[in-house]
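*Asks:* Below you'll find the structure I mean.
The values are calculated or read from the model by the stated rules, or taken from the named source; none is laboratory data. This one's a predicted model, so the numbers in the text were calculated from it and none came from an experiment. Neighbour counts are summed over all protein chains in view; Cβ atoms, including those assigned to glycine, are modelled from backbone coordinates with ideal geometry. The accessibility values were calculated without ligands, DNA or RNA, using every heavy atom of the protein model including side chains. Shrake-Rupley method; radii C 1.70, N 1.55, O 1.52, S 1.80 Å.
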Amino acid sequence: MMVALRPPVAVAEAKPVPEIPTSRPGREWAYEPKFDGWRCLLFTVDGYLQSRRETDLTARFPEIVAAAAVLGDVVLDGELVALKDGRLDFGALTSAPRGRTEAGITIYFVAFDLLADGCADLRPKPCRDRRKRLESSSPRSRRPCSSLPASPTDPSPSPG
């Protein structure tokens, strides 16, 4: 089978800016919530989970890799988050897989970008096109792997 991307793949990282950009004609911005988790890439056909530092996380999160097998041949960029007692818990990401259920910890993978689909490397395409394709191919209700819609509205509080 021909695949577009194989691990390791460099993760695109956000760059700091002095202020939140605003949309204007021809240059629309989308805003996403920032989760307190671990950034990673999910290679579904390889059953492989890669950290942003290119570390293999597959054995640490077997539930994510298993759930992603039904997504087809895609490479997703997203965030691993842990939920404990109904709240996000960054520290719970370090828990061993065998002890999570007893500790009441559930791990989720929240996808925010579709980097490849089958043999198509989508990275050269505009982010809005990849995002639209991600949202149409990955229902938000498919746990523990899901996507979250981006918002065209600036999430920062307005002054005053």
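*Asks:* Lys and Arg at +1, Asp and Glu at -1: add these up for the other residues within a Cβ distance under 12 Å of ASP46 and post the number.
*Replies:* Net charge around ASP46: -1.
*Asks:* Roll a 1.4 angstrom probe over the protein heavy atoms and tell me the percent of accessible area of the range 53-121 that is carbon or sulfur.
*Replies:* Roughly 53 percent, rounded to a whole number.
*Asks:* Using a 1.4 angstrom probe on the protein heavy atoms only, line up SER136, SER23 by accessible area, largest first.
*Replies:* Listed by decreasing accessible area, they come as SER136, SER23.
*Asks:* Also: Taking a point 7 angstrom from the Cα of ARG98 along the C-beta vector, which residues in the range 43-77 have backbone N less than 16 Å away?
*Replies:* From the range 43-77, the list is 59-63.
*Asks:* Kindly give Rg over Rh for the range 1-93, based on alpha-carbon atoms, with the Kirkwood expression for the hydrodynamic radius.
*Replies:* Reported Rg/Rh, Kirkwood definition of Rh: 1.03.
*Asks:* So, one more: DSSP loop trypsin sites (Lys or Arg not before Pro) in the range 1-89 with at most 13 other Cβ atoms within 10 Å of their Cβ, which ones?
*Replies:* Those satisfying the criteria are LYS34, ARG53.
*Asks:* A further question on this structure: Can you tell me the relative contact order of the range 1-139? Whole percent, Cα pairs under 8 Å, sequence separation 6 or more.
*Replies:* Rounded, it is 24 percent for the range 1-139.
*Asks:* Moving on. When the gyration tensor of the range 28-80 is built from Cα positions, what are the square roots of 5 times its three eigenvalues, in whole Å, from largest to smallest?
*Replies:* Ellipsoid half-lengths, sorted descending, are 20, 14, 10 Å.
*Asks:* Moving on to the next point. I want the local charge near ALA103. Using Cβ-Cβ distances under 12 Å, sum +1 for each Lys or Arg and -1 for each Asp or Glu among the other residues.
*Replies:* Every neighbour counted, the sum reads 0.
*Asks:* Normalising by the residue count of the range 1-53, find the relative contact order in percent from Cα pairs under 8 Å and 6+ residues apart.
*Replies:* Worked out over the range 1-53, it gives 35 percent.
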